[in-house]
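Asks: Please find one structure pasted underneath; my questions will follow.
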Amino acid sequence: MDSERIPAATRFPTVPPASLSAAQKPVHDHVTSVSQYVFGDNPPFAWADGEGSLIGPYTSMLYAPTIGTAFFDHAIKVGTDQRLPIRVKEIAILAVGGHFQAAYENYAHARLAKLCGLSDEQVASALAGRDPIQGLADAEITAYRLALAMVSGKGPVSEEIWSQVRRYFGQEESAVLVFLISSYAYIAMVLNAGAVPAPATATATA
């Protein structure tokens, strides 16, 4: 993370800790505390710059503090839910980020996907929306196809895809998967509206 150069300018500029308003500081402190707890001292991707200013989707949260805090807590809850295997989560998130071409989301989750065992080729294929992807378990490719259907289709997800979802996931797990995909579509749109890049020395498959 230290070697990554963080672009300074987005449509929602970063706010150094010393410049936070009274409304922004609780959001900053909450996101920082939770991120440090979840990702530890050596995070797999940069979520703050060298001054401690939040980056990525977290910056925009400072400009709508009550909404930002509520959505951050929702995203953490969905992302850390234990009812889905981590590889299922990450392949679905890559499908979403690839569809929206959300640079920061793809940078962060390409790294997380590799940490849980997905190969460079699988990550690149998911970001490109390719199907099939070699070497995925049946549940993983099903989650990936559901994500593609949700972000690229119009109207209800087809019965063919949903029947596959229910073949590999129970009712609760299916609901969690739908919320996960929807949450990362939301994040991707927030990132793209803010024109948020990945750190300058990173690539989506780094």
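Asks: Go through the range 58-69 residue by residue and tally those that are at pLDDT 95 or above and either in the same structural domain as Ser183 (by TED's automatic domain parsing) or of a type outside the set (Ser, Thr, Tyr) (or both).
Replies: Number satisfying all stated conditions: 5.
Asks: Search the range 48-60 for residues being surrounded by 12 or more Cβ atoms within 10 Å (Cβ to Cβ) and of a type in the set (Gly, Ala, Ser), and hand back the single one that is farthest from Ala70 (Cα to Cα).
Replies: Filtering the range 48-60 for residues that are surrounded by 12 or more Cβ atoms within 10 Å (Cβ to Cβ) and of a type in the set (Gly, Ala, Ser), the one farthest from Ala70 (Cα to Cα) comes out as Gly52.
Asks: Continuing with this model, one more query. May I ask you to list the residues in the range 12-36 that are farther than 15 Å from Thr69 by Cα and within 17 Å of the chain's Cα centre (by Cα)?
Replies: Gln36
Asks: Determine if the range 78-85 includes at least one residue that is surrounded by fewer than 18 Cβ atoms within 10 Å (Cβ to Cβ), more than 11 Å from the chain's Cα centre (by Cα) and without any contact (Cβ under 8 Å) to a residue 40 or more places away in the chain.
Replies: Yes: one or more hits.
Asks: Sticking with this structure for a sec: Of the conditions (1) under 25 Å from Val151 (Cα atoms); (2) surrounded by fewer than 16 Cβ atoms within 10 Å (Cβ to Cβ); (3) not assigned by TED's automatic domain parsing to the domain that holds Val151, Phe45 satisfies every one except a single condition; which number is it?
Replies: The one condition Phe45 does not meet is (2).
Asks: Go through Gly129, Gly155 for me and flag whichever is under 12 Å from Val96 (Cβ atoms) and not in a helix (DSSP H, G or I).
Replies: Every option except Gly129 fails the conditions.
Asks: Take the conditions of a type in the set (Phe, Trp, Tyr) and in a helix (DSSP H, G or I) and apply them to Phe71. Does it pass? Spell out how you get there, then give the answer.
Replies: On the way: of a type in the set (Phe, Trp, Tyr): yes; in a helix (DSSP H, G or I): yes.
So Phe71 passes the test.
Asks: Scan Ala70, Ala143, Ala126 and give me the residue that is out of contact with any strand residue (DSSP E or B) (no Cβ under 8 Å at 6 or more places or on another chain), among the hydrophobic types (A, V, I, L, M, F, W, C) and either surrounded by fewer than 18 Cβ atoms within 10 Å (Cβ to Cβ) or touching a residue at least 60 places away in the same chain (Cβ under 8 Å) (or both).
Replies: Checking each option against the conditions leaves just Ala70.
The values are calculated or read from the model by the stated rules, or taken from the named source; none is laboratory data. In this text, all values refer to a predicted model and were calculated from it rather than measured experimentally. Note: ideal-geometry Cβ built from the backbone for every residue, glycine included; neighbour counts use all protein chains shown.
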